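Worksheet for the structure shown next.
No value in this document is a laboratory result; all are computed from the given coordinates. What you see is a predicted model, and the numbers here were worked out from it, not measured in a lab. Cβ sites come from the backbone with ideal geometry, for glycine too, and all protein chains shown count toward neighbours.
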Amino acid sequence: MGLQELTVRNFRIFKEFSFSPDPNAVTVFMSPNGTGKTSILEAVYSLGTLNSFRTNNASNLIHTGETLAEVHSVIFQQERRLQVDLTITKHEHRTTKQMLVNGKRPSSRALLAELMPITIFTPEGVEIIRERPEHRRQFLDILIGDVSPKNEEVIATYTKVVRQRNALLKSLEKQPPSPTSRSELQIWTKQFVEEAEKLNTLRHDIVNQLGPLTQEKYKQISQQNDVIELRLHQSWSGDLATALEAEFMHELYRGSTVLGPHHDDLLIELNGRDSRHQASQGEQRTLALALRLAGHELVRTTRGLDPLLLLDDVFSELDPYRSNKLLELLPKGQTLVTTASPLPSGMEPAVVIDLTKGR
């Protein structure tokens, strides 16, 4: 399995660019900053997730002055050849994305997770430790889908139900609901509780599996016997339906659902301390590396395949010791690396691509 070919058109700074990475080893994009190295990884990442790891605004992916960007790829799953195409179109008031697999729209997002699971390391990756809970929730939900693509349907359904329930609450405009609106809200609340419980179960399961692996990877990187504990912190206690009833006036005022998995957090403790506020920068970086490596290992052992590994200029942000440890722990399989500076001496890429040539 692996990415065999990639072509981008009107994507970020590229009018058109194509390359063929090594399917089983390291391909390095080595060129000065500002030449589009990260944009290439961003294009690859978008094929596996339909999202960018740099922006929430899809129009930013389209080349200046254009209204349409394209990402075309060939992916092999064992002996199966797949053509995967992404088109991003800027309209007057919105930007749309369309994915095709062998010329047909995928039946669900689960197919994307099945086609090309991805593990990514970026200089900003430490945000998963010290920044807002949404970073950690997103990490968990992507991992849940990568470990078992069928779980994507649970995440998609939950997201849809939250959106519908929020729309109804907002439409009430802070006024007590009519009998009809109250009945409709009860229906959405019942479905919300059901879907929340499904997602909550998946998250607890993945955290329980991820904890020991993160402990192991952290020890391998740091060579210290620190204790790492991962816990899912819920935004409610007891029965969710009961908790929502108690928060009804608050929800009416806010016009949104104030409890549920979309408000939860992944707590990461180092020797009993909250790593968000009480870990050093070096410890946070090591935790971030350990967490990503643990997730990668979990997908590999569960599904029997190696996720595509993306390393975006991470070695420039790591000290020599952590760089060497990361190299030692990098799993086998297809890896795409960007760098503006020389690679660590232990890395031997199969392909080196200079983006200043042929762009």
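Numbers at a glance
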quantity	calculated
Size of electric dipole in the chain: Cβ of Lys, Arg +1 and of Asp, Glu -1, about Cα centre, debye, nearest 20	700
Candidates ARG54, ARG80, ARG300: whichever shows maximal mean-square fluctuation once the chain is modelled as a Gaussian network with Cα springs under 10 Å	ARG80
Fully extended contour minus Cα-Cα distance, from ASP274 to GLU153, at 0.36 nm per residue	40.3 nm
DSSP-defined beta bridges in the stretch 201-356 - what % are antiparallel, rounded to 5	65
Distance in nm between pseudo-label sites at LYS357 and ILE13 (7 Å out along the Cβ direction from Cα)	1.8
In degrees, nearest ten, helix 37-49 long axis to first principal axis of the chain (Cα)	50
Taking ASP146, ASP22, ASP141 and counting other C-beta atoms within 10 Å, the order from fewest to most	ASP22, ASP141, ASP146
Percent antiparallel among DSSP beta bridges (both partners in the chain, rounded to 5)	70
Simple Cβ-charge dipole of the stretch 118-304, Lys/Arg +1 and Asp/Glu -1, about Cα centre, in debye nearest 20	280
Centre separation in Å (Cα based) which lies between the stretch 110-126 and the stretch 78-98	17
Positive-end extreme of charge dipole, the stretch 118-304 - chosen from ALA243, LEU185, THR159 (charges on Cβ)	THR159
Computed E for LEU172/ASN225 - FRET, C-beta separation, R0 41 angstrom, nearest 0.05	0.15
Rounded tilt (10° steps) of 320-329 against the dominant C-alpha axis of the chain	80
Greater than 29 Å apart at Cα, pairs in LYS97/LYS190; LYS90/LYS198; LYS37/LYS325	LYS97/LYS190; LYS90/LYS198
Relative packing of peptides 95-106, 119-130 - highest average C-beta neighbours within 10 Å first	119-130, 95-106
Listed peptides 154-162, 173-181 by packing density, highest first (mean Cβ within 10 Å)	154-162, 173-181
Packing-based ranking, highest mean first, of 326-333, 46-53 given that Cβ atoms within 10 Å are counted	46-53, 326-333
0 to 90° range, to nearest 10: angle between helix 152-171 axis and the chain longest Cα axis	50
Rough spin-label spacing in nm, given labels placed 7 Å along Cα→Cβ, for LEU305 and ASP239	4.3
Net length gained if the chain between GLU247 and LYS332 were fully extended (0.36 nm per residue, minus Cα distance)	25.7 nm
Nitroxide proxy distance, nm - points 7 Å out along Cα→Cβ at ALA25 and ARG130	3.7
Inter-part distance where the stretch 129-143 and the stretch 280-359 are each reduced to a Cα centre, Å	19
222 nm mean residue ellipticity, helices alone, for the chain (DSSP H n ≥ 4; -39,500 (n - 2.57); rounded to 500)	-13500 deg cm²/dmol
Residue list for the stretch 239-269, given a label point 7 angstrom along the Cα-to-Cβ vector of GLU184 and an amide N cut-off under 16 Å	252, 255-257
